[in-house]
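Let me begin by presenting the structure, written as C-alpha cells, before commenting on it.
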Amino acid sequence: MTPRSRILLVDDEVALQRAVATLLRSRGYDVLVSPSGEDALRQAEAAPPDLVVLDLGLPDLDGIEVCRRLRLMSQAPILVLSARTSEPDKVAALDLGADDYVTKPFGPEELLARIRVALRRRPDAATEPSGVVTVGGLVIDHDRRRVVRDGEEIRLTPKEFELLTLLVRHHDRVLTTRAILKAIWGGHAVEQPEHLWTLMSQLRKKIERDSTQPRYLHSEPWVGYRFSTDEPS
C-alpha cells in the first residue's frame with residue numbers, strides 16, 4: 001500500500017482550516033492543522049510533513065519568517081496560501097524557498113492540482129541527479145546540494161538549485177520558458193512567466209560575477225534560457 005502523504009496546513013482562519021482540511025482528507029491525505037507559526041514549526045519538527053500549505057498572515061510570526069525557518073529544517077515543498085497580492089511578498093516567499101504561491105480566494109481543484117504537482121516534484125534520492133559538475137570556477141555537488149563559485153560556497157534556495165540543475169543537465173541547449181515552468185512548477189504555471197523571471201534574476205545575482213554580463217546563465221530572447229559551458233572569449 002502506498003503511504004498517504006502528510007500535509008501540514010498552517011492557517012489561523014477556522015473556517016478555511018475546516019474547509020481545506022476536509023477537502024484534503026477527502027482526497028486521501030493525512031492532514032495536520034496548525035493555527036500559528038510557532039505551533040507549525042513544532043509540529044513540523046515532531047512529525048515532518050511531506051508538504052506544507054502556509055498562510056502568510058499568522059497571529060504570531062509573519063508567514064515569510066515561518067517559511068524561512070521551515071526551509072532550514074526540511075526540503076518538503078511549501079505552498080504559500082495568502083490574501084497578499086503584492087509582488088514583494090511573492091518574491092520574498094519564493095526567494096526563501098516556497099515552491100508555489102496561491103492567492104486567496106482560490107478554487108479547490110486549483111489547490112489540489114498544485115499540491116499534486118508539488119508532491120511529485122519533492123526531492124527523491126532515487127531520481128535526483130548525482131555527482132559533481134565543474135564548469136569554469138563553478139562547482140555543483142548534486143549529492144550534497146552544494147554550489148561553490150571560485151572557492152566560495154553559495155547558498156541557494158531549493159527552487160534556485162532546482163533551476164540551476166535543470167539547466168546544467170541540458171547544458172548548451174536552449175530550454176524554452178514554457179518547458180522550464182512546467183518542469184519546475186507544473187503545467188498550471190506555463191502562463192505565469194513572472195515566476196521564472198524572478199527566480200532567474202535571483203539565481204544570476206548569486207551565481208554570476210556580474211549578473212548584467214552572465215557567464216553561465218544566458219537568455220535567448222523570446223525563447224528561454226541556456227546554461228553555457230563555453231569559456232568566455
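The values are calculated or read from the model by the stated rules, or taken from the named source; none is laboratory data. Just so we're clear, the structure is a prediction, and the values are computed from it rather than from any experiment. Here the Cβ positions follow ideal geometry from the backbone for every residue, glycine too, while neighbour counts run over all protein chains shown. Heads up: the accessible areas ignore ligands, DNA and RNA and are worked out on the full protein's heavy atoms, side chains in. Shrake-Rupley method; radii C 1.70, N 1.55, O 1.52, S 1.80 Å.
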Two-site label geometry, residue 172 and residue 206: point separation in nm, points 7 Å out along Cα→Cβ:
2.7 nm
Starting from the range 141-223, pick out the GluC sites (Glu not before Pro) whose DSSP state is loop and whose Cβ has at most 11 other Cβ atoms within 10 Å.
191
Magnitude of the Cβ-charge dipole of the chain, K/R +1 and D/E -1, about the Cα centre, nearest 20 debye?
560 debye
Would you give the gap between the C-alpha center of the range 25-76 and the C-alpha center of the range 189-233, rounded to a whole Å?
31 Å
Could you check which residue among 193, 49, 158 shows the biggest mean-square fluctuation in a GNM of the chain with a 10 Å Cα cutoff?
193
Just subtract the alpha-carbon distance of residue 146 and residue 182 from 0.36 nm times their residue separation and send over the number in nm, one decimal.
10.5 nm
At 1.4 Å probe size, with every protein chain present, just tell me what the per residue accessible area of the chain comes to in Å².
50 Å²
Give me the distance in nm between label points sitting 7 Å out from Cα along the Cα-to-Cβ direction at residue 73 and residue 116, one decimal.
3.1 nm
Where labels lie 7 Å past Cα in the beta-carbon direction, separation of residue 42 and residue 220 in nm:
5.2 nm
Quick one, which of [x] 19; [y] 24; [z] 13 is the actual percent of Cα pairs over 33 Å apart calculated for this model?
[x]
Under the rule rounded for a/c under 1.5, else prolate if a/b exceeds b/c, else oblate, using alpha carbon gyration tensor axes a ≥ b ≥ c, the range 1-70 is classed as oblate
With a 1.4 Å probe and every protein chain kept in, tell me what percent of the accessible surface of the chain is carbon plus sulfur.
51 percent
For the range 132-214, what class follows from the C-alpha gyration tensor (a ≥ b ≥ c being the square roots of its eigenvalues): rounded when a/c is under 1.5, otherwise prolate if a/b is larger than b/c, else oblate?
prolate
